[in-house]
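Asker: There's a structure below that I have some questions on.
What follows is calculated from the coordinates using simple rules that are stated; it is not laboratory data. Note that the structure is a prediction, hence the values are computed from the model and not measured. Quick reminder, even Gly has a Cβ in these numbers, built from the backbone with ideal geometry, and neighbours come from all protein chains shown.
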């Protein structure tokens, strides 16, 4: 590594408060030039706020930013770009119907007529392709590219604008393992060209795999910075939560009972009529957790929605304790009455109503039950006390049934959903992405409660794109790829590489 | 790109923002008055005295406010389900037909049950007319904004045809029905108060006002205290979550538009049964459209709607007084002021939100997630 004159980025004593919340408290960060610098921390630790300050979305209350040793003020993303800072957002800022070239030009059109700027940028894209191996067809429509290629377009956008420092916010959240590997390769090439990369993630494996240095944030403070080579995932995890965390939860052997739910050759289409689940069959027994693994977008979501009655079947059948569910019973209300609980994958869009008071979100789906008041009218008291009971049982903080749902943190929102579905004592629990966007402390809690359901003799179906989670919880694992089951494994008989192959569609028959 | 809008504290959202919006509308109206060459302060004085200066003014103000409460509630109920009902105007018009048919043909009903039946007739006709766009929205994906706008024209055409060709009182040229019998009428306040020996000037202000207040309470209970209201709000706030929760957005859409149309029928009770005592052409006269502004200003909450309806009642009544006091200012000036209130309270609702939010930022804000 070359020894630079000044670090690429210095953040000195950055302070930022939002009302009573101290999002960044006296944060110091030094990022040397030409390195990949990881930033890890739980949700709400202040990583995104810090990067938003660096990229000009917010201005810090106090503190100084230095780029290449020069103190600068960054008040907008335009100013950040002019200092050579580029950002790749977790949710891409791309216009899907436009071409790659048009997307890259956006905001840098270079005059009233497009042709001149377009020519220059086309040339630059070609150069970047040769220099860094970042090859994309400039005339392809962005909406038709894979997620990995779209991310590449985002990176190219930053590079075309002259970025020397790239900030990537949770870049692998949307990628397949193979795409993530390609991304890492790309980032290493960029590093080789003396670009500086700030890599935000909560996946410790990626930190260990990719970064040179890593900084840990906790509750708005920068608590530690390590040379990656001299640290370990347990040490990082401890620094993140400030206490010892058991990443692997203790769970005894499963005692599977009778079959509670069967899927027979089910076929499910998405809203556009595309077949997403293509002849899937499995059995789910009482007292076991069946994990459904797969890269996001391979039919798991549609499978879960079909089982929960939200999406209709285009073929096949669902059997509940030996009786096929007639179509009239395949709706969320009827299935809830049968005792099928459903924790949806997306708590924001599906599981909760964000503008509602927490107690109102805590009765969604059960709102017609007599516990909330007899006859036409609700009893507010009953609604609030029911929510308090659920919040106590699942340690939802703050314990404030009248607070707006949106004002809870992700982990506490998720606990609220789990509380609602589990406290009704369902026979079968369908769980999708139970810990997506949830901090480590809450992950542990949620995992324990899911295992507790199993130990109480319930059947649990777990859909997750996090392999760690699948391994930590499942008693049996089925892998979906392209809407078909490509394999079934017991966790003790398999490993991430094996599952990765199945997830990539290398099925047992083909292998 | 800029920082996301910070949420406002409840009191600012409910009270401060509407007040700022109305104030802005009045300031700009003041400039218009100034441009015409009149003194804006005198104009305001004349307007307020005309609307609230004596019992007669107050009677007219509340008579207009009654119609605005009904149309405001009608629009607001749909807001809660995420539906923008532009058709309150036409629904109220068709409701007039329901009221008239009952009043003219159910004369055998004893005493004031005829008036009650006529009100129910108005509600049913309004509901039925609203349910068609509701059904089309729920099951045929026809956008309710488009269909309700078109249905206003249909209502106008139907009523014009019926009043000219079918319902017109024989032997005269006016497109209006025979006057209703007394038992079909909603009593006016000066009559009611006369029973108790209280003298109130003769105004069209009638008992429909009490019905409007009862409807406000009923809507509040419905929206915030019943299962149906919970389902309506869930569909409005997050239809995906509603489906997940076993709620049918289509069913809720139809029920909500039925309720909305029935509330629009209150206008017919107020104007047809309470004042005109016969069915006339175009009696709704734009009150349905003003209902949109009332609902927006009132934040779709019954208390807010009462306040906004009274404000518009003041504008309506005061505007008439103003046009008499200051001949240079025509009735159109009131349309201008109303337009500005709609502009600021509706279309530019968010204009003052950011400055107010920034102003309050140091006191109450949320961290970004």
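Asker: Angle, helix A:177-192 long axis vs. longest principal axis of chain A, Cα atoms, 0 to 90°, nearest 10?
Answerer: With both axes taken from Cα atoms, the answer is about 20 degrees.
Asker: Sticking with this structure for a sec: Find the Cα radius of gyration of region B:6-142, compare it with 2.2 N^0.38 Å by division, and give the number to two decimals. Mind dumping the intermediate values first?
Answerer: Working: Rg = 20.8 Å, N = 137, 2.2 N^0.38 = 14.3 Å.
Dividing the Cα Rg of region B:6-142 by 2.2 N^0.38 Å gives 1.46.
Asker: As an exercise, find the ratio Rg/Rh for the protein assembly as shown from alpha-carbon atoms, using the Kirkwood inverse-distance average for Rh. Let's see the in-between values first.
Answerer: Working: Rg = 32.5 Å, Rh = 31.4 Å.
The Rg/Rh ratio comes out at 1.04.
Asker: Counting only other chains, what is the mean number of Cβ atoms within 10 angstrom of the Cβ of each residue in peptide A:362-370?
Answerer: The shielding value for this peptide is 4.
Asker: Ranked from highest to lowest mean number of other Cβ atoms within 10 Å per residue, what is the order of the peptides A:439-445, A:364-370, B:104-110?
Answerer: On the way: A:439-445: 19.6, A:364-370: 17.6, B:104-110: 11.9.
Highest to lowest by the protection proxy: A:439-445, A:364-370, B:104-110.
Asker: Quick check: convex hull of the Cα atoms in region B:16-74, volume per residue, rounded to a whole Å³?
Answerer: On the way: hull volume 6.5 nm³, N = 59.
Per-residue hull volume (Cα only) is 110 Å³.
Asker: Continuing with the same structure: For region A:401-448, what is the largest minus smallest coordinate of the Cα atoms on each principal axis, given in angstrom and ordered from greatest to least?
Answerer: Ordered largest first, region A:401-448 gives principal extents of 31, 25, 15 Å.
Asker: With an 8 Å Cα cut-off and a minimum separation of 6 or more residues, compute the relative contact order for chain B in percent. Can you show the working numbers first?
Answerer: Working: 642 pairs, mean separation 128.2, N = 369.
Relative CO of chain B lands at 35 percent.
Asker: Here's another thing I want to ask about it. Of the listed peptides B:26-32, B:197-203, A:429-435, what is their order by residue-averaged count of other C-beta atoms within 10 Å, with the highest listed first?
Answerer: With the highest mean Cβ count within 10 Å placed first, the list reads A:429-435, B:26-32, B:197-203.
Asker: Now for a different question. For region B:205-287, how big is the tail of P(r) above 21 Å, as a whole percent of Cα pairs? Can you show the working numbers first?
Answerer: Working: 1481 of 3403 pairs.
Percent of Cα pairs beyond 21 Å in region B:205-287: 44.
Asker: Kindly give Rg over Rh for region A:352-511, based on alpha-carbon atoms, with the Kirkwood expression for the hydrodynamic radius.
Answerer: Numbers: Rg = 18.5 Å, Rh = 17.4 Å.
Looking at region A:352-511, the ratio lands at 1.07.
Asker: Can you give the mean number of other chain Cβ atoms that lie within 10 Å of the Cβ atoms in peptide A:349-357?
Answerer: Working: counts 4, 7, 5, 4, 12, 3, 4, 6, 0.
Mean inter-chain Cβ contacts per residue within 10 Å come to 5.
Asker: Return the equivalent ellipsoid semi-axes of region B:69-299 as a descending list in whole Å, where each equals the square root of 5 times an eigenvalue of the C-alpha gyration tensor.
Answerer: Working: eigenvalues 203, 88, 40 Å².
Equivalent-ellipsoid dimensions as semi-axes: 32, 21, 14 Å.
Asker: Let me ask you something else. In degrees, nearest 10, range 0 to 90: what is the angle between the Cα axis of helix A:147-160 and the longest Cα principal axis of chain A?
Answerer: Approximately 20 degrees, to the nearest ten.
Asker: Give me the orientation-averaged projected area of the Cα convex hull of region B:69-127, in nm², one decimal.
Answerer: 4.1
Asker: Which value, in Å to one decimal place, does the Kirkwood hydrodynamic radius take for chain A when every pair of different Cα atoms is included? Provide the component values of the computation, followed by the final result.
Answerer: Values: mean 1/r = 0.0402 Å⁻¹.
That comes to 24.9 Å for chain A.
Asker: What's the long-distance tail for region A:9-241, i.e. % of Cα pairs beyond 26 Å? Could you put the intermediate results ahead of the total?
Answerer: On the way: 10062 of 27028 pairs.
Here the long-distance tail beyond 26 Å is 37 percent of all Cα pairs in region A:9-241.
Asker: Cα gyration tensor of region B:252-369, axes a ≥ b ≥ c as square roots of the eigenvalues: rounded (a/c below 1.5), prolate (a/b > b/c) or oblate? Before the final figure, lay out the partial values.
Answerer: Numbers: a/c = 3.02, a/b = 1.40, b/c = 2.16.
Since a/c reaches 1.5 but b/c is at least a/b, the shape of region B:252-369 is classed as oblate.
Asker: In Å, what is the Rg of the alpha-carbon atoms in region A:446-501, and how long is Dmax?
Answerer: 11.8, 34
Asker: Along its principal axes, what span do the Cα atoms of region A:131-272 show, with the longest given first and each in whole Å?
Answerer: Ordered largest first, region A:131-272 gives principal extents of 62, 47, 25 Å.
Asker: Give the order of A:421, A:206, A:235 when sorted by the count of other beta carbons within 10 angstrom, beginning with the fewest.
Answerer: A:235, A:206, A:421
Asker: Please report, in Å, the Rg and the Dmax of region A:86-209, where both are computed over Cα atoms only.
Answerer: Just the Cα atoms of region A:86-209 yield Rg and Dmax of 14.2, 47 Å.
Asker: How would A:61, A:250, B:54, B:325 line up from fewest to most surrounding beta-carbon atoms within 10 angstrom?
Answerer: Working: A:61 14, A:250 7, B:54 11, B:325 17.
Ranking A:61, A:250, B:54, B:325 by Cβ neighbours within 10 Å, fewest first, gives A:250, B:54, A:61, B:325.
Asker: Average partner chain C-beta neighbours within 10 Å, per residue of B:235-241? The partial results should precede the final answer.
Answerer: Details: counts 1, 2, 6, 11, 0, 8, 14.
Whole-number average of other-chain Cβ neighbours for B:235-241 is 6.
Asker: Further, regarding this structure: Got a sec? How would B:129, B:79, A:282 order by Cβ neighbour count within 10 Å, fewest to most?
Answerer: Working: B:129 28, B:79 20, A:282 17.
Exposure proxy ranking, most exposed first: A:282, B:79, B:129.
Asker: What is the Cα centroid distance between region A:276-324 and region B:6-58, reported in whole angstrom?
Answerer: Computed from Cα coordinates, the inter-centre distance equals 60 Å.
Asker: Would you please classify the overall shape of region B:93-172 from the alpha carbon gyration tensor, given that a ≥ b ≥ c denote the square roots of the eigenvalues, rounded means a/c under 1.5, and beyond that prolate means a/b larger than b/c while oblate covers the rest?
Answerer: Details: a/c = 4.13, a/b = 1.59, b/c = 2.59.
The shape class here is oblate.
Asker: Just to confirm my numbers, what's the Cα centroid distance between region A:352-427 and region A:10-74 in Å?
Answerer: Here the answer is 36 Å between Cα centres.
Asker: In Å and whole numbers, how far do the C-alpha atoms of region A:254-375 stretch along each principal axis, longest first?
Answerer: Between the extreme Cα coordinates on each principal axis of region A:254-375 lie 42, 35, 31 Å.
Asker: When the Cα centres of region A:103-178 and region B:258-308 are compared, how far apart do they sit, in Å?
Answerer: 55
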